[in-house]
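What follows is one structure encoded as structure tokens, with my remarks underneath.
The values are calculated or read from the model by the stated rules, or taken from the named source; none is laboratory data. Since we're looking at a predicted model, the values are computed, not measured. Don't worry about glycine lacking a Cβ; one is built from the backbone with ideal geometry, like all the others, and counts go over all protein chains shown. The accessibility values were calculated without ligands, DNA or RNA, using every heavy atom of the protein model including side chains. Shrake-Rupley method; radii C 1.70, N 1.55, O 1.52, S 1.80 Å.
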Amino acid sequence: MGSQLEERFLLEEGLLENQNRGLYTGDGSVDINGNRILKTNTGNWKACPFILGTECCERLAYYGIAKNLVTYLTHKLHEGNVSAARNVNTWQGTCYITPLIGAFLADAYWGKYWTVAVFSTIYFIGMSTLTLSASVFKPPTCVGFVCPPATPAEQAIFFFGLYLMALGTGGIKPCVSSFGADQFDDTDPVERIKKGSFFNWFYFCINIGSLISSSFIVWIQDNAGWGLGFGIPTLFMAIAIASFFLGTPLYRFQKPGGSPLVRMCQVLVSSLRKWNLEVPCDSSLLYELPDKSSAIEGSRKLEHSDKLKFLDKAAVLSDRNVNSEDFSNPWRLCTVTQVEELKLLIGIFPIWATSILFSTVYAQMSTMFVEQGMVMDRTLGSFTIPAASLSTSGVISVIIWVPIYEKFLVPIARKFTGKERGFSELQRIGIGLLLSILAMTAAAMVERKRLEVAIAFDLVHHRVPVPISIFWQIPQCFLVGAGEVFTFIGQLEFFYDQSPDAMRSLCSALSLLTTALGYYLSSLILIIVTSVTTRGGKPGWIPDNLNEGHLDYYFWLLACLSFFNLLLYVFCASRYKSKKAS
């Protein structure tokens, strides 16, 4: 009788556990107070409008500064073409490096929510400083074609606000996308598919903000003044902060798991200490916690993989481990999950490295494409099109491609690949890299045609626009935009899905770091090209008067580099092994 009651009790407990598993999230998410939460009341698409609204307004604010920054530097601070392009690339690169700071704080200590809250405030202060600088200071008067640079004080205040904004965006960029993805339970197959759609619509909202900046905000800056042109983006940044806080009751939160850098160092130190031990053939003999929970807060367990076996020594049990307190000392004994965390990061590195050059191509949208547009015919009737506005065609390309990809390409691709998202993340990134080659080829052909027209009209030695319509830039911008939909969104998905649970902000920051390094690489290429091509008193490929240069050679150089990079990417992607979480 007692045995029957016990069996009935266990059965009821099991049924209750299964029922609760359906009601509660299975990925360890909690509410803002750290309590377990019901699926029906939180997360999913209920929480996402606030996050998407935040991202849309924040990106409008960011691009409201970035899209026309090269124009402000050349026309108001009176910098040269190369100097202005280099400063824009350096600043934008910094905007994609500071996410490492925000991501570390989010994963280790603060969590994504509070990191966004703190850094948003810094962001707003930086933008307010830029607005004040543009409103108060007036550019020095030009005498003929000679324009003296702005005073050191004016430059210092402007760049202080600019880099304060770069610091602020470092806490937003890596956390908002991963915080949005956290609203979908990875253990629920239905929510997991929705999460893939979230990344598409997340990037869609980014480009809605970018579209408004590229058209309306840029026009305001060129025609109504820079004070108002910077003030409107600052207002939208305030709206972004308000939108983020409004969604707080609906959010799902992941607990910070402690310093990922410390955990990686522990694996390295522990494996080096046991360099002379053999790794058992049976992976079940490696150390792991016996229950379902992971030793890392906010993380599921990771299954053992056969790659980088030397690191498995960190989880090898020795006589010293068994007879001492090493079980509680991760500097001597690590769990399999902790070891697999480091393996995942190392495995991601080749994909990360081969994605950098796409960002170098993307950097041309706000630098060389703008400078190319400045020396083309920008009139449309009585209206003069701002050179920076042609990047709008790339933004429109993204806005068009996201629904097409989501509604048409994914269902069609699913029939052939059998994958729930149609293309794998790696396939998606590769398609974008191919499109970047086509974009640079189109840009080179347009510039070649522009130079031919300059020769025909005897404008080579005149620093004036050439009578060829700026609308010829649309194909190259459109191709870059299509590449974004594949490569940048593919990166967001890849680095989120393949990252350890407790390191998602950090891996999102690594994804953004490819953009930073792409901008820095663009600056480096500009420096090298300028140095090599101006020897012997020659004007070089990219002189201040582009009619005397060969910007087309620069675009062909990027196309060739992108081609060889694609070959390397295909090799690395074909050898990549995906994450397996329990």
Considering the stretch 370-383 alone, what residues qualify as being without any contact (Cβ under 8 Å) to a residue 24 or more places away in the chain and either in a strand (DSSP E or B) or surrounded by 20 or more Cβ atoms within 10 Å (Cβ to Cβ) (or both)? T379, L380, F383
Might you check whether a residue that is open to solvent by less than 10 Å² (accessible area, probe 1.4 Å) and not β-branched (V, I, T) occurs anywhere in the stretch 458-474? yes
Hey, any hits in the stretch 533-545 for a residue that's touching a Pro at 6+ places or on another chain (Cβ under 9 Å), assigned to a loop (DSSP other than H, G, I, E, B), in contact (Cβ under 8 Å) with a residue 60 or more places away in the chain and buried (at least 20 other Cβ atoms within 10 Å of the Cβ)? no
Pick from F184, F199, F253: which is open to solvent by less than 30 Å² (accessible area, probe 1.4 Å), closer than 20 Å to A117 by Cα and either hydroxyl-bearing (S, T, Y) or at pLDDT below 90 (or both)? F253
Just to be sure, is S522 at pLDDT 90 or above, part of a helix (DSSP H, G or I), over 30 Å from F253 (Cβ atoms) and open to solvent by less than 10 Å² (accessible area, probe 1.4 Å)? no
Residue count for the stretch 206-227, restricted to those that are open to solvent by 20 Å² or more (accessible area, probe 1.4 Å), part of a helix (DSSP H, G or I) and free of Cβ contacts under 8 Å to residues at least 24 places away in the same chain: 2
Candidates I429, I468, filtered to the one that is at negative phi and either in a helix (DSSP H, G or I) or under 22 Å from the mean Cα position of the chain (by Cα) (or both): I429
Looking at S574, is it closer than 21 Å to L344 by Cβ, free of Cβ contacts under 8 Å to residues at least 12 places away in the same chain and surrounded by fewer than 21 Cβ atoms within 10 Å (Cβ to Cβ)? yes
Quick test for you: out of S293, S299, S324, pick the one residue that is modelled with pLDDT under 80, closer than 30 Å to N33 by Cβ and surrounded by fewer than 19 Cβ atoms within 10 Å (Cβ to Cβ). S293
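Would you mind finding the one in L38, L23, L15 that is at pLDDT below 75, among the hydrophobic types (A, V, I, L, M, F, W, C), more than 17 Å from the chain's Cα centre (by Cα) and open to solvent by 40 Å² or more (accessible area, probe 1.4 Å)? Let's see the steps before the verdict.
Details: L38 fails: at pLDDT below 75; L23 fails: at pLDDT below 75.
Exactly one residue qualifies, and that residue is L15.
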Taking the stated definitions as given, is F50 in a helix (DSSP H, G or I), of a type in the set (F, W, Y), over 18 Å from the mean Cα position of the chain (by Cα) and surrounded by fewer than 24 Cβ atoms within 10 Å (Cβ to Cβ)? yes
Tell me which residues, restricted to the stretch 495-518, are among the aliphatic types (A, V, I, L, M) and either at pLDDT 80 or above or open to solvent by less than 20 Å² (accessible area, probe 1.4 Å) (or both). A502, M503, L506, A509, L510, L513, A516, L517
Going through the stretch 384-419 in order, the residues found to be open to solvent by 30 Å² or more (accessible area, probe 1.4 Å) and either in contact with a Ser or Thr (Cβ under 6 Å, 6 or more places away or on another chain) or over 17 Å from W201 (Cα atoms) (or both) are T384, I412, R414, K415, F416, T417, G418, K419
From the list V453, V395, V464, pick out the single residue that is hydrophobic (A, V, I, L, M, F, W, C), without any contact (Cβ under 8 Å) to a residue 24 or more places away in the chain and more than 28 Å from Y576 (Cβ to Cβ). V453
